[in-house]
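The next block holds one structure in the form of structure tokens; read it before the comments.
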Amino acid sequence: VVKFRRTGESSRSEEDGISGEHEVQIEGVRTELEPVELEDGAAVPKEFANPTDDTFMVEDAVEAIGFGKFQWKLSVITGLAWANAMEMMILSILAPQLHCEWRLPSWQVALLTSVVFVGMMSSSTLWGNISDQYGRKTGLKISVLWTLYYGILSGFAPIYSWILVLRGLVGFGIGGVPQSVTLYAEFLPMKARAKCILLIEVFWALGTVFEVLLAVVVMPTLGWRWLLILSALPLLLFAGLCFWLPESARYDVLSGNQEKALATLKRIATENGAPMPLGKLVVSRQEDRGKMRDLFTPHFRWTTVLLWFIWFSNAFSYYGLVLLTTELFQAGDVCSISSRRQEVKAKCSLTCEYLTEEDYTDLLWTTLSEFPGVLVTLWIIDRIGRKKTMALSFLVFSFCSLLLFLCVGRNVLTVLLFIARAFISGGFQAAYVYTPEVYPTATRALGLGTCSGMARVGALITPFIAQVMLESSVYLTLLVYSGCCLLAALASCFLPIETKGRGLQESSHKEWGQEMVGRGSHSPGESQE
């Protein structure tokens, strides 16, 4: 016979503890709690939160409260921050416009894109460190306000040097926006975590689609300056909603702020209409948070190295494919690229070509391939696990790259590029699910930040392969991308930890998964997997 107490309160009185009698208060009526008999091995009824243990952890509370109204609100707000894809998509629209309007040579146009990635690469680790040291909400709010300020200011740039500096500062701010995933993941119950993080990625795709549609309307009438200003609006809305956004309860517990963490959990329980666990919230205070050395402890050293390569390969291949798509579409197929290249070399680097309506349509169709990538990843990630999902994505991309060696027609070429982009974007999304799950709360933001920084290194290098190397050999270029993804697929398989069905680890001083071990509920001979 096990006794439970139905209550929204998380603490019990001393009298309860002494007498062992537990009462439930429902709409002001106090009644004695009936004993509940459970069969051997039977699950605890969901309405009872958890047995009357003396303590509970944040993980217990998040699982007991479950997914509800609070998480739906958080999904929309986090998605608004994730819609910063507009600031990335604008690069492909802004570059040809400035090339024509300011008569910029090709290398200056390319530098305008590169400086954004340099800013992101240099700041990703810093934002991760700030989020681990001072809170997820703090780091995210500062990075979004930074991006918003310099994004709007870019619209008033008088000369090339000004817009180069300002877009670099925008990139510096964008480097912190992935921390929204850290904050979001720490409020999600285990069963909903993968699906919700993947669905947040839809906001990225929506942001890119909205940017193209906005450009179709704004560019012919108001021009690129207004496009830059209007593209910052989702971040302005997010900045206003940040006042509602709570700090992560996991971070508060780790920083020793028990009362604030408990207040946040009670707020979520109230909004979701769910009971809080019984007992006292355990505080596992850790002062040395956000330290780079914690990513290279014996438990995480191999994971960190492999993840850095996986993130590098993801961005290297994703942005490489984006650049290759334009080249391949304009040439017709791989076999036509060499002859086309010779014609292009004869042209002046200042030849001006504005984006046409057909160009915007092609951009839109290419962007729409992100949605099937989300759906496929959503379907398989909880079936085969995070590691196998990433490996499968890399393998399909590699296979499609090799098929491009054939002189296929435009229709087949479009299908291959569509499938390749869908799977490489799906692999990117799976990495965004896996990375926050595998690192403990003390280094979760830093781990995600450093991985994001390595992705920007891949994005910086890929133009030299997709554009420079392509001039000498298109087959060697495709071989580089295919080989890189094959290695990344192997790296995914060799990751030592599979996070499917696991809780989030709180302190880096404990072994991975210790929080999910049945506390005090197993006999010495039982497995605690």
Quick one: accessible surface of L368, probe radius 1.4 Å, all protein chains present, in square angstrom to the nearest 10. 60
Sorting T414, T221, T499 on solvent-accessible surface, 1.4 Å probe, most exposed first, gives T221, T414, T499
Would you grab the residues whose amide H sits under 5 Å from the one on L281? Only those 5+ places off in sequence or on another chain, please, with H modelled 1.01 Å from N. F56
1/(1 + (r/R0)^6) with r = Cβ-Cβ of S473 and F494, R0 = 30 Å, i.e. FRET efficiency to nearest 0.05, evaluates to 0.45
Write down, largest first, the equivalent ellipsoid semi-axes of segment 54-283 in whole Å, where each equals the square root of 5 times an eigenvalue of the alpha-carbon gyration tensor. 39, 17, 13
Distance violations [Cα-Cα > 31 Å] among K73/K280; K73/K500; K141/K388; K69/K280: K141/K388
Could you tell me what percent of the accessible area of segment 126-219 is made up of carbon and sulfur, with a 1.4 Å probe and every protein chain present? 80
Throw me the Rg/Rh for segment 390-460, computed over C-alpha atoms with Kirkwood Rh, two decimals. 1.13
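The values are calculated or read from the model by the stated rules, or taken from the named source; none is laboratory data. These numbers were taken from a predicted model, which means no experiment stands behind them. With ideal geometry, Cβ positions are generated from the backbone for all residues, glycine too; neighbour counts draw on all protein chains shown. Keep in mind that these areas ignore ligands, DNA and RNA; they rest on the heavy atoms of the full protein, side chains included. Shrake-Rupley method; radii C 1.70, N 1.55, O 1.52, S 1.80 Å.
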